[in-house]
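Student: Before I ask anything, here is the structure I am working with.
The values are calculated or read from the model by the stated rules, or taken from the named source; none is laboratory data. These numbers come from a predicted model, not from an experiment. Using ideal geometry, Cβ is built from the backbone for each residue, glycine included, and neighbour counts are taken over all protein chains shown. Areas reflect the complete protein model, heavy atoms only, side chains present, ligands, DNA and RNA absent. Shrake-Rupley method; radii C 1.70, N 1.55, O 1.52, S 1.80 Å.
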Amino acid sequence: LSSKSISELLSTMEYGPAPEDDGAMHAWLDAHGRSFGAFINGEWRDLEDRNVHTATAPSTGEALCEVQEANASDADAAVAAARAAHGEWAALSGH
């Protein structure tokens with residue numbers, strides 16, 4: 001047990017960003033150009049000639065990024081990549 005009072009403990013605690021702080025999310029979106037295709041087999045793929053949708057923040061309606069629409073062929077490629085990676089992934093430690 002600590003010999004410090006609760007007031008002393010609280011005044012010396014260091015705080016990180018609040019969970020609702022969206023700064024890290026905006027930095028990540030900016031680093032990726034705020035435009036996304038499909039993430040398949042560990043890489044982003046540009047899905048040419050596809051419909052593009054705007055993803056918005058549900059609480060504010062703010063436009064966050066553009067997302068390309070995948071099709072069945074893209075889904076098949078993602079499933080195939082996941083199946084191929086599953087054995088190695090499943091063998092990883094939980095820590």
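Student: Calculated FRET efficiency, Ala24 and His95, Cβ-Cβ r, R0 25 Å, to nearest 0.05?
Tutor: 0.60
Student: Suppose all protein chains stay in the model; what accessible area per residue would a 1.4 Å probe give for the chain, in Å²?
Tutor: 81 Å²
Student: Take the Cβ-Cβ distance between Ser11 and Glu62 as r, set R0 to 22 Å, and report the resulting FRET efficiency rounded to the nearest 0.05.
Tutor: In this case the efficiency is close to 0.05.
Student: Using a Gaussian network model of the chain with C-alpha springs under 10 Å, which one of Glu14, Glu43, Glu62 is most mobile by mean-square fluctuation?
Tutor: Sorting by GNM fluctuation, first place goes to Glu14.
Student: At 1.4 Å probe size, with the rest of the protein present, what percent of the exposed accessible area of the chain is carbon and sulfur atoms?
Tutor: 56 percent
Student: Label points 7 Å out from Cα along the Cβ direction at Glu88 and Asp76: separation in nm?
Tutor: Placing both labels 7 Å beyond Cα along the Cβ direction yields 2.4 nm.
Student: So which residue, out of Val67, Val79, Val52, gets the largest mean-square fluctuation from a GNM of the chain using Cα contacts under 10 Å as springs?
Tutor: In the Gaussian network model the winner is Val79.
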